[in-house]
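Below is one structure, written out as structure tokens, with a few remarks after it.
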Amino acid sequence: MDHFLYQNGALHAEDVPVAEIAAEIGTPFYLYSTATLLRHYRLFEEALSGTDHLVCYAVKAASNIAILKTLGDAGAGMDVVSQGEYLRARAAGVPGERIVFSGVGKTADEMRVALAGGIRQFNLESEPEMEALNAVALEMGKVAPVTVRVNPDVDARTHAKISTGKAENKFGIPIARASAVYARAAALKGLDVVGIDVHIGSQLTDLAPFEQAYAKVAALARKLRAEGHDIRRLDLGGGLGIPYDRTNEAPPLPVEYGAMVKRVVGDLGCEIQIEPGRLIAGNAGIMVSRVIYLKQGEGRDFLIVDAAMNDLVRPAMYDALHEIVPVTEPRPGIERAPLDVVGPVCETGDTFARAVPLPPLAAGDLVAFRSAGAYGAVMASEYNSRPLIPEVLVKGDRFAVIRARPSFDEMLKRDTMPAWL
Ligand code: LLP
């Protein structure tokens, strides 16, 4: 459920008409709902109630500091994968003890920043990384809390580009090597081993792969305890999918996910951590765009809008489908015609959807791309020299620009001339 609904014939974000925001700030832009962000965060909180747990929002999904502060003020922890994300979480007021640092390629500089600023744990992904963190911690006179991310070799049955838990993926250490790696970690004075980490992929629409992975983690926790390690925290990653297309069967709900987690790992008495990104932010954001032209093609018609693949890359990159709806509510029963919805970028890949049945639309009309809150703005680029589009946050009947649209001047001024030109 989200808070982008038609009221009196017009699409609203909570209590604000989307068209009103478009008139004030221009198009295209990303628009987020505070109520949806908080609702989705709380669904995970409730799903894990009765356990010692922390929900760490995966910052990579939508990293605007206002979004992080909205969630952080509600009690969320943060999962970060770079110095930039760490600094964003801190700028949002999230204390270090609620921030976990994931990612396969943390540099010594990034480790230093997080150790100095405070960190709940590093999720280590390789032995060289383990040695590097130990060296950094010893040099700083600190002990770094760590988990090791294990690769359970399960098929997440999601898009190949976002599957991370198969043996051939670059993530984690093979679970069969865990005993040796944990023994080495325990011998390093700069590290404090607190638990185990796993993350098998994103946009999972079935609980079975999670359950397979978590059962392997539970067995490993028992084995490592028997080998003398104080395994007290399990980080189970993110990955629960969202309904992008309302005509398809909906993925499992957080409450179903939580029940499975409790059933599979509950008896270990570990603190449970999860890292959901998409489920919290995905349906909490839309991208609003304006129709530039309606163009007749050979056997198909094109709706050319002012947003493009550089603003929302998911359709071009993962063949993702974002539902497209007019901002003015179509009359019930109105005839719909199939349109290819495309952006102005000079690539055929700049196609948001093919042959979508849409009601009559004309130049100047507004459309919204739903489910664009996660991996939307954060993956945008300036390709074709199109400045990054702004982000807006709604709360009740108020809205605020949380990232301004850069001027063309600002964009051009970033380039500098060498002395010889
Ligand atoms: N934890 C780790 C270690 C991750 O790598 C990820 C996502 C998450 C948590 C959050 O997963 P989520 O709950 O959002 O599924 N750009 C792609 C998605 C990439 C996901 C990368 N890792 C997309 O647009 O579909």
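Every number in this text was worked out from the coordinates using simple rules, so none of it is lab data. Keep in mind that this is a model prediction, so the values were computed, not measured. Heads up, the Cβs are rebuilt from the backbone with ideal geometry, glycines too, and the neighbour counts pull from every protein chain shown.
Things worth noting here:
- Principal semi-axes of the equivalent ellipsoid, √(5λ) from the alpha carbon gyration tensor of segment 118-271, are 29, 16, 14 Å from largest down.
- Label-point separation, C346 to A108 (7 Å along Cα→Cβ), nm: 4.5 nm
- Folded to 0 to 90 degrees: helix 108-117 orientation relative to the chain principal axis, Cα: 90 degrees
- Part-to-part distance (alpha-carbon centres) for segment 317-343 and segment 8-32, which is given in Å: 17 Å
- Adding -39500 (n - 2.57) for every DSSP H run of four residues or longer, then dividing by how many residues the chain holds, sets the calculated 222 nm ellipticity at -8500 deg cm²/dmol.
- Residue separation of E227 and A337 scaled by 0.36 nm, minus their Cα-Cα distance, works out to 33.1 nm of gained length.
- Close amide H pairs (under 5 Å, H built 1.01 Å from N) link H53 with I272, residues at least 5 positions away or on another chain.
- FRET efficiency estimate (nearest 0.05) - Cβ-Cβ, N169 to A363, R0 41 angstrom: 0.35
- Amide H to amide H distances under 5 Å link L124 with T147, V148, R149, where only residues 5 or more positions off or on other chains count and H is placed in the peptide plane.
- Taking Lys and Arg as +1 and Asp and Glu as -1, the other residues whose beta-carbon sits under 11 Å from that of A377 total -1.
- Figure legend: label point modelled 7 angstrom from the Cα of T51 along Cα→Cβ; residues of segment 247-283 with amide N under 15 Å from it are 253-276.
- Descending semi-axes in whole angstrom, ellipsoid equivalent of segment 8-49, from the Cα gyration tensor: 29, 12, 6
- Leading residue at positive end of dipole, segment 103-274 (Cβ point charges), from M111, Y244, A135: A135
- Cβ crowding within 10 Å ranks C56, C346, C270 as C346, C270, C56, fewest other Cβ atoms first.
- The residues neighbouring A92, those whose beta-carbon lies less than 13 Å from its own, together hold a net charge of +2 under the Lys/Arg +1, Asp/Glu -1 convention.
- Helix axis angle, 178-187 relative to the chain longest principal axis, alpha carbon, degrees: 70 degrees
- Net charge in the neighbourhood of D301 (other residues with Cβ under 13 Å of its Cβ; Lys, Arg +1, Asp, Glu -1) is +2.
- Equivalent-ellipsoid semi-axes for the chain (Cα gyration tensor, √(5λ), whole Å, largest first): 40, 24, 20.
- Inter-label distance for A23 and A219, nm, one decimal - labels placed 7 Å from Cα along Cα-to-Cβ: 6.3 nm
- Shape call, segment 339-421: gyration tensor on alpha carbons, a/c limit 1.5: oblate
- Rounded to the nearest Hz, the phi-derived 3J(HN,Hα) couplings of segment 313-318 under the Karplus curve 6.51 cos²θ - 1.76 cosθ + 1.60 (θ = phi - 60°) are 8, 4, x, 5, 8, 10, where x marks glycine and proline.
- Taking the fewest neighbouring Cβ atoms within 10 Å as the starting point, the ordered list for S202, S407, S33, S126 is S407, S126, S33, S202.
- Taking trypsin sites (Lys or Arg not before Pro) across segment 106-161, none is in a DSSP loop with at most 10 further Cβ atoms lying within 10 angstrom of its Cβ.
- A straight line joining the Cα centroids of segment 220-289 and segment 370-421 runs 31 Å.
- Full-extension gain in nm, E256 to R398, via 0.36 nm per residue minus C-alpha separation: 47.8 nm
- Each residue in V104, V146, V136 was given a count of other beta-carbon atoms within 10 angstrom of its own, and listing them fewest first yields V104, V136, V146.
- Principal-axis tilt of helix 34-47 within the chain, Cα atoms, nearest 10 degrees: 30 degrees
- FRET E, pair A10, F302, Förster distance 30 Å, beta-carbon r, rounded to 0.05: 0.75
- Label-to-label distance for M417 and K295 is 3.5 nm, based on points extended 7 Å past Cα in the beta-carbon direction.
- Stretch gain in nm, segment L138-A91, where the contour uses 0.36 nm per residue and the Cα spacing is subtracted: 14.2 nm
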